[in-house]
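The values are calculated or read from the model by the stated rules, or taken from the named source; none is laboratory data. Bear in mind that the values here come from a model prediction, so they are computed numbers and not experimental data. So basically every Cβ, Gly included, is an ideal-geometry build from the backbone, and we count neighbours across all protein chains shown. Areas reflect the complete protein model, heavy atoms only, side chains present, ligands, DNA and RNA absent. Shrake-Rupley method; radii C 1.70, N 1.55, O 1.52, S 1.80 Å.
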Amino acid sequence: MLSFIGYFNISIFILFTLFYLYQIVYAVVAVVKKTNPYDNISPKKLHRFAVVIAARNESAVIGGLIDSIHKQKYPRELLDVYVIADNCTDTTAQVAKNAGAYVYERFNRQQVGKGYALDYFFKQLLKEKKDKLYDGFFVFDADNLLDENYVYEMNKVFDSGYRVVTSYRNSKNYDSNWISAGYSLWFLREAKYLNNPRMLLHTSCAISGTGFLLSSEIVRENNGWKHHLLTEDIEFTIDSVIHGETIGYCANAMLYDEQPRTWKQSWIQRLRWSKGFYQVFGKYSKDLVKEIFKGKSFACYDMLMTIAPALFVTLTSIVVNLFFLVFGLFVPSMTATMIPTTITAVCMSFFNFYLMLLVFGILTTVTEWKNIKSTPAKKIKYIFTFPLFIFTYVPISIAALFQKVEWKPITHSIAASIEECTVTSKR
């Protein structure tokens with residue numbers, strides 16, 4: 001029985017390592033290959049874009065985003081701003097109008113969420129035949145702020161042929177506390193060590209919530225926005241990759257957004273994300289597997305690993321070891337050997353997971369040090385709390401399996417300017 005426990009734990013470790021070994025390769029590529037192919041090029045064309053912001057009761061922050069759009073180093077006449085005031089009960093619509101945006105107000109209590117708001121807007125635009133005014137659409141959340149070169153840099157990648165482009169995601173409030181820092185480090189790591197190497201290796205990147213650009217051709221092909229699961233961003237990504245779309249990444253386009261600071265807000269948000277990932281996995285995993293073997297698509301494999309509930313591989317290992325631990329407690333002849341073996345295995349699972357996350361936390365903090373607005377002491381401190389933040393996904397992921405989850409708005413209140421969010425020595 002002891003040999004079975006040993007073989008089981010080794011098998012789980014090997015399996016997990018083999019499935020995600022490519023992400024270690026990604027990290028090596030990101031560290032070694034530092035040159036950005038879009039650093040020293042000029043676009044052939046400055047495209048005309050529309051900025052689309054779905055907002056629900058965001059009067060405190062939406063003015064700051066629109067202001068940062070107006071401050072873009074990009075021709076003003078090529079950039080229009082649209083706000084979907086979605087089921088708002090505050091002054092979001094008026095604030096957006098006063099800031100110079102075109103506002104579409106929507107009231108629908110049955111179809112709730114960003115995906116439905118985007119679909120409503122795009123269908124209105126198609127109906128009004130305004131879609132052909134634009135080459136592409138930027139999609140932002142109301143709490144975002146943009147670096148002044150954001151649109152110009154995104155245009156470079158779009159102009160090179162990518163129909164969908166995502167960007168570098170930074171945070172307004174990295175050092176509010178360990179929760180906001182946990183989010184921030186995860187998004188920085190996602191940008192630097194997932195999307196960046198994907199772009200360098202010419203495979204597809206993934207959209208993470210906000211800060212992306214899509215071609216107006218896609219809007220017409222989809223007759224609006226057809227993705228309505230709880231995580232419409234990752235659903236759009238997976239559906240696009242399955243249909244052969246390669247999503248680009250612009251490392252030089254930096255966006256800042258506000259991270260939750262309270263456990264309650266974080267629980268609500270990540271519960272929706274976890275449930276949404278289950279929904280996407282349930283709907284698209286078969287198609288991804290088909291494309292991996294039929295189309296020999298590495299991008300589909302990457303996306304399958306991205307949405308796969310990998311956390312449950314670790315949980316399975318822990319549960320099996322705990323089962324044998326309990327078994328050892330009730331079988332005196334096995335107690336002396338079974339208990340130390342199983343306790344060691346459980347502790348090692350946690351330790352290995354913590355160590356892996358700590359390494360990524362250190363690597364991300366060191367390489368992105370200049371882009372993190374915080375004190376050196378807090379930057380170092382939050383490296384060590386980063387794995388603990390990720391550990392909190394365990395109860396959230398379990399709750400998402402059994403709980404009915406509906407889209408709920410997250411309150412944003414940090415009305416900072418882009419100048420306040422930007423570090424002194426910019427990238």
key: Global geometry of the chain, whether rounded, prolate or oblate, following the gyration tensor of its Cα atoms and the 1.5 cut on a/c   = prolate
message = I'd like the carbon and sulfur percentage of the solvent accessible area for the chain, probe radius 1.4 Å, heavy atoms only, ligands and nucleic acids excluded.
response = 62
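Cα-Cα over 27 Å: which of 34/156; 44/373; 33/296; 132/156? Working shown, then result.
Values: 34/156 18 Å; 44/373 34 Å; 33/296 25 Å; 132/156 20 Å.
The answer is 44/373.
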request  = Return the distance in nm (one decimal) between the two label points of a simple spin-label model at residue 22 and residue 358, each offset 7 Å from Cα along Cα→Cβ.
outcome  = 2.9
inquiry  = On a 1.4 Å probe surface of the protein chains, which of 245, 148 comes out largest in accessible area, and what is the full order?
reply    = 148, 245
note = Inter-part gap, Cα centre of the range 106-144 to Cα centre of the range 352-371, in whole angstrom, is 37
note = Once residue 290 and residue 13 are pulled to full extension, the length gained, defined as 0.36 nm per residue separation minus their Cα-Cα distance, is 97.1 nm
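Gain in length, residue 48 to residue 420, computed as 0.36 nm per residue apart minus the alpha-carbon separation, to one decimal in nm? Don't skip to the end; give the middle numbers.
Numbers: separation 372, 0.36 × 372 = 133.92 nm, distance 2.86 nm.
Result: 131.1 nm gained on full extension.
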key: Net length gained if the chain between residue 78 and residue 381 were fully extended (0.36 nm per residue, minus Cα distance)   = 104.7 nm
inquiry  = Students often forget the sequence filter, so: which lysines lie under 24 Å Cα-Cα from residue 294 once same-chain residues fewer than 8 apart are removed?
reply    = 283, 286
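Considering only protein heavy atoms, what per residue accessible area in square angstrom results for the chain with a 1.4 angstrom probe?
Values: 19190 Å² over 427 residues.
Ligands and nucleic acids excluded, the figure is 45 Å² per residue.
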request  = Along Cα→Cβ, 7 Å out, is where each label goes; now give me the distance between the ones at residue 413 and residue 34 in nm to one decimal.
outcome  = 4.1
Approximate spin-label separation residue 217-residue 71, in nm, with each point projected 7 Å along Cα-to-Cβ = 3.5
